[in-house]
Structure formats: structure tokens, C-alpha cells
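J.: Dropping a structure here in C-alpha cells format, bear with me for questions.
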Amino acid sequence: MNNHHPGTLPTGWIEAPLSACADRITKGTTPTSLGLEYQQSGIPFVKVEALSNGQIASDAISAYIDAQAHKTLARSQLQAGDLLFSIAGTIGRVALVRDQDVPANTNQALAIIRVTNELMGGKYLLYALSSYSTQKQALQASRGGAMSNISLADVAAIVVRIPPLAEQRRIVAEIEKLLSTLDSATENLDLAVSKAARYRNSYLNTIFGGTSPYSLDPDAR
């Protein structure tokens, strides 16, 4: 991805590829390709369709594996704080793995991005990966026909803007305040929802770069 044009950044901010920020970027394997069978219950096996609004939707989990399969698929065992980024089919769907989501495992359609250093907080990275700038980079790298996909190298090359941690926390708080406004307004005030959504998208684009509005859910594009 060589078409990223960095703009002027505030003092203390940097731009860097995910490869320079993440301790690990990997993906999983389909259990049946290794002779392992899905189960009716057990350890959740997370697929792209279970990612919704930045989280893993437990009611959308449709497959499970047993403890032995989970052990065999050690590379793709999820940890709380991991970021999931869809790289096949629907490109760019994002979720932050929470404490209540693990143990869990996933397949090759989801990249696992693990950041354990002090450069970036998990929630900040969730919103950075949801931003128009990041999504544009991912989509421009996609290839394939009916089943679009990007590689782990493409994910590693995605450039994100990284402010100091205190500023990251402030940005996350502001975004979540806007999301809370959306949730409160949804029940009765369609006009207020639209206005709050435009404000949220404008804020995301100001922070992360880009000029077009973007929703957290890629399917809403």
C-alpha cells in the first residue's frame, strides 16, 4: 500500500504501519482442514459474521470446537485485548476481544492483531481500524473476485495515526460519548441520530484522516 499521503500531525503524534505497533499479526485455520470437527457446544469459534459494532456478538456464534482442537489451533487462540480484522469476504469488519469472549478461536478470514506494548490502547486501535482512512487502505489492497481478500502483509502495512496515550484516552472518551448519544437517540429521534452520526464520522475523519463518512459496520457502506 503505497498510496497513503500523510498530512500534518499535531505535536507528539506519529504515523506508523501496524507492523511497527503490533506485537503479533496472525490468523487462524479452518479446523476441518486439519481433520478436526466442529462441535455443538464448547469453545466458541469466531467467524466474520459474529463481528458487530466493534464487538463479538455471542448470539451470532454458530460453531464450536473442543479443548483438544483449541490446543491444536494454538496460533489463533484469542486473548482479551486482541483486535480482529476481517480479511476475506467482507473486508475491514473490526472487533475488540473482551474478557467475556475468551476462550475462543478463529479462522483464516480474520486477522488477529495483538498489541501489548505501551504505544497504543486497544480501544483506540479499534476506532483507528474502523476509520475511513484505514478502511480505504484495506479496500484498495483487496484482490479476488466473488471472495475479496487481503493478506496479513497488507494488514501489517496499514498506516495509523498514533497520539500520546493521554490523547488516545481523550479521543476514545469523546467517541464513546457520541456513540452513547446515538444509542439514546435511536429509539425516537431519527433526525438526531443522523446528526450525531455525521458528527461522529466527521470526528473520526478529523482524527484518523480521510474526507468521506464511514460507519463502524462495513456492511452499512
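J.: Would you pick out the residues in segment 93-107 that are among the charged types (D, E, K, R) and part of a loop (DSSP other than H, G, I, E, B)?
T.: 93, 98 - these are the residues of segment 93-107 that are among the charged types (D, E, K, R) and part of a loop (DSSP other than H, G, I, E, B).
J.: Output yes when any residue across segment 33-42 is at pLDDT 95 or above and within 30 Å of residue 163 (Cα to Cα), and no when none is.
T.: Within segment 33-42, none of the residues are at pLDDT 95 or above and within 30 Å of residue 163 (Cα to Cα).
J.: Between a residue in segment 55-78 that is closer than 30 Å to residue 179 by Cα and any residue that is in a helix (DSSP H, G or I), which pairs come within a Cβ distance under 7 Å, given they are 6 or more apart or on different chains?
T.: Within 7 Å, the pairs are 56/50; 56/101; 57/50; 60/49; 60/50; 61/50; 77/70; 78/101.
J.: Among the residues of segment 164-197, what is the count of those that are modelled with pLDDT under 75, charged (D, E, K, R) and within 18 Å of residue 54 (Cα to Cα)?
T.: Going through segment 164-197 one residue at a time, the tally reaches 1.
J.: Restricting attention to segment 47-92, report how many residues are surrounded by 16 or more Cβ atoms within 10 Å (Cβ to Cβ) and in a strand (DSSP E or B).
T.: The qualifying residues number 11.
J.: Please determine, by comparing only the residues of segment 10-46 that are among the β-branched types (Val, Ile, Thr) and without any contact (Cβ under 8 Å) to a residue 12 or more places away in the chain, which one is most open to solvent (accessible area, probe 1.4 Å).
T.: 11
J.: Scan segment 93-108 for residues that are under 17 Å from the mean Cα position of the chain (by Cα) and open to solvent by 30 Å² or more (accessible area, probe 1.4 Å) and report the count.
T.: So the answer is 4.
J.: In segment 168-178, which residues are over 18 Å from residue 133 (Cα atoms) and either in contact with a helix residue (DSSP H, G or I) (Cβ under 6 Å, 6 or more places away or on another chain) or not in a helix (DSSP H, G or I) (or both)?
T.: 178, the sole residue that qualifies.
J.: Moving to a separate point now. Taking segment 118-167, which residues are open to solvent by 60 Å² or more (accessible area, probe 1.4 Å), of a type in the set (Gly, Ala, Ser) and part of a helix (DSSP H, G or I)?
T.: Hits for segment 118-167 are 153, 166.
J.: Does residue 52 qualify as being within 18 Å of residue 131 (Cα to Cα) and hydroxyl-bearing (Ser, Thr, Tyr)?
T.: The answer is yes for residue 52.
The values are calculated or read from the model by the stated rules, or taken from the named source; none is laboratory data. Computed from a predicted structure; not experimentally measured. Neighbour counts are summed over all protein chains in view; Cβ atoms, including those assigned to glycine, are modelled from backbone coordinates with ideal geometry. What goes into the accessible areas is simple: the full protein's heavy atoms, side chains included, and nothing from ligands, DNA or RNA. Shrake-Rupley method; radii C 1.70, N 1.55, O 1.52, S 1.80 Å.
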